[in-house]
Amino acid sequence: MSRINGFLGRRNLIKLMGIAGVSAVATTACNQAKQTSTTQAPASPAAQPVANATDKTKEPYVRPFSDDMTPEQALQLLVDGNKRFTDQKLAHPRQDFARLTETGADQFPFAAFLSCADSRVPVEVVFDQGIGDCFVVRMAGNVATPEGIGSLEFGTAVLGSKVLVVLGHEGCGAVNAVLRQQKLPAESKIGTLVPYIEPGVDKAKNKSGNDLMNSVKATTLVQVETLKRSPILAGLIKENKLKIVGAY
Ligand SMILES: [Zn+2]
């Protein structure tokens, strides 16, 4: 539990959070990812054109990564992309108009996200990924609502994303509002988010350190556990076709 205070700030690499239990595994996972980056090549970039027999006006879809990519390799691609972002050495992969044309034929995103709607955390930018790479569900507080879970089941079971990242972030207004018990407009639907955030805020109570950061991380891990209770997602994990991780 103590390592929750060891997470890095916004100018540093996004840190993965524990798959089982609060961040105890997270540092390990991240370290492993870093270690493998020097010895293990990313997933095969072998192009796999997907012919579109019915529409000759569209370019064939060229899969940038092999379908045999493992969840660990998919996660590594994100870690590498985030490092490029924090090092300010962006590659801007697959972001040109040609890619847009290609993805008109089909999509095979290798990563799925449940991210906050916050305008300061644009997923493809901070992970330096391109068009067609990431299947992103964004919800204030990165909460796993039934609609969000359904979307992510589609992104993984149907579209084949290999890794699902629940992405919390520094200074989250949604979590802060619940933490500070801010008054919400009675006529609004904002309050519908609260039940998804409260359990994490409760879990983080009495922890040392920054209460908002602790609450965001705890809330993020609560959503990870919620997602793992989806029979669809749990089945993919069991088959080693998917990994769900929390990150901050
Ligand atoms: Zn937020």
Proxy exposure order for Phe65, Phe154, Phe110 (fewest C-beta within 10 Å first) is Phe154, Phe65, Phe110
For the pair Arg229 and Asn210, the simple spin-label estimate (label points 7 Å beyond Cα toward Cβ) gives in nm 2.9
Pairs over 30 Å Cα to Cα, from Lys15/Lys241; Lys89/Lys207; Lys205/Lys243; Lys162/Lys183; Lys217/Lys238; Lys183/Lys217, come to Lys89/Lys207; Lys162/Lys183
Distance in Å, no decimals, from the C-alpha centre of region 111-165 to the one of region 201-248 is 14
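Return the loop-located trypsin sites (Lys or Arg not before Pro) in region 127-232 (DSSP other than H, G, I, E, B) with at most 14 other Cβ atoms within 10 Å of their own Cβ; answer none if there are none.
Arg180, Lys183, Lys189, Lys205, Arg229
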If the chain between Glu170 and Lys183 were fully extended at 0.36 nm per residue, the gain over the current Cα-Cα distance would be 2.5 nm
The extension gain from Phe97 to Ser119, computed as 0.36 nm times the residue separation minus the Cα-Cα distance, is 5.5 nm
In this structure, the FRET efficiency calculated for Ala157 and Gln107 from their beta-carbon separation, with R0 = 22 Å, to the nearest 0.05, is 0.95
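Read-outs throughout are calculated quantities, based only on the coordinates presented, and are distinct from any laboratory measurement. Quick caveat: nothing in here was measured; it's all calculated off a predicted structure. Virtual Cβ from ideal backbone geometry, glycine too; neighbours counted across all protein chains shown.
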